[in-house]
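Remarks on the structure that follows.
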């Protein structure tokens, strides 16, 4: 269960970074580590995403980079899917929610510089990090962070991504993001899971 959730969040994080050489091969490796049976969520499916990932591999890298730039960095008249929590929640870059996110990172000894603090990729990577620790404290923090941050803006972000992307891969990624950020961690406190947790 822990490995599957870590792999899921890490795959999403890696999908949301700027595509460089090796982008598709890294995503192939990452998606292969997700075991849907362990996630126990019927809303999550990977079949279409895997097909679109293979289709992505046939495209020139500069085409993928161009679409990433249009969606997340620079487009006229506005960026359709700004990847920053503060933009969705407050309408500004580097808002109060950015500071809240940064305090969460600092609590765990993590340092993220500049405007990347509340970038979607960094927030999902933080969830992956917390789940990888497999301690009650870390998983409680992961659940708090999911509810107070990702769940508050990812539904709108994923809807915008599905609406505006010209590449099937990003549309299918959007279909994965919404249920992925809404999976609750309450089952971690069940009698079956409790013995698996470190103190």
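The values are calculated or read from the model by the stated rules, or taken from the named source; none is laboratory data. Bear in mind the structure is a predicted one, so any value in this text is a computation, not a measurement. Neighbour counts are summed over all protein chains in view; Cβ atoms, including those assigned to glycine, are modelled from backbone coordinates with ideal geometry.
Residue 153 fulfils the conditions (1) modelled with pLDDT under 95; (2) part of a helix (DSSP H, G or I) except for a single criterion, (1). Remark: residue 31 falls outside the filter, which requires a residue to be surrounded by 14 or more Cβ atoms within 10 Å (Cβ to Cβ), modelled with pLDDT under 85, within 15 Å of the chain's Cα centre (by Cα) and more than 21 Å from residue 116 (Cα to Cα). Only residues that are free of Cβ contacts under 8 Å to residues at least 40 places away in the same chain and buried (at least 21 other Cβ atoms within 10 Å of the Cβ) were counted in the stretch 106-122, giving 2. Test residue 140 against the stated conditions and say whether it is in a helix (DSSP H, G or I) and in contact (Cβ under 8 Å) with a residue 60 or more places away in the chain. It is false that residue 140 is in a helix (DSSP H, G or I) and in contact (Cβ under 8 Å) with a residue 60 or more places away in the chain. Being over 18 Å from residue 8 (Cβ atoms), part of a helix (DSSP H, G or I) and at pLDDT below 95 is the requirement here; does residue 116 meet it? In short, yes. When 82, 104 are checked against the criterion of being modelled with pLDDT of 95 or more and in a loop (DSSP other than H, G, I, E, B), 82 stands alone in meeting it. Output yes when any residue across the stretch 179-193 is on the phi > 0 side of the Ramachandran plot, over 17 Å from the mean Cα position of the chain (by Cα) and either at pLDDT below 95 or buried (at least 19 other Cβ atoms within 10 Å of the Cβ) (or both), and no when none is. There is no residue in the stretch 179-193 that is on the phi > 0 side of the Ramachandran plot, over 17 Å from the mean Cα position of the chain (by Cα) and either at pLDDT below 95 or buried (at least 19 other Cβ atoms within 10 Å of the Cβ) (or both).
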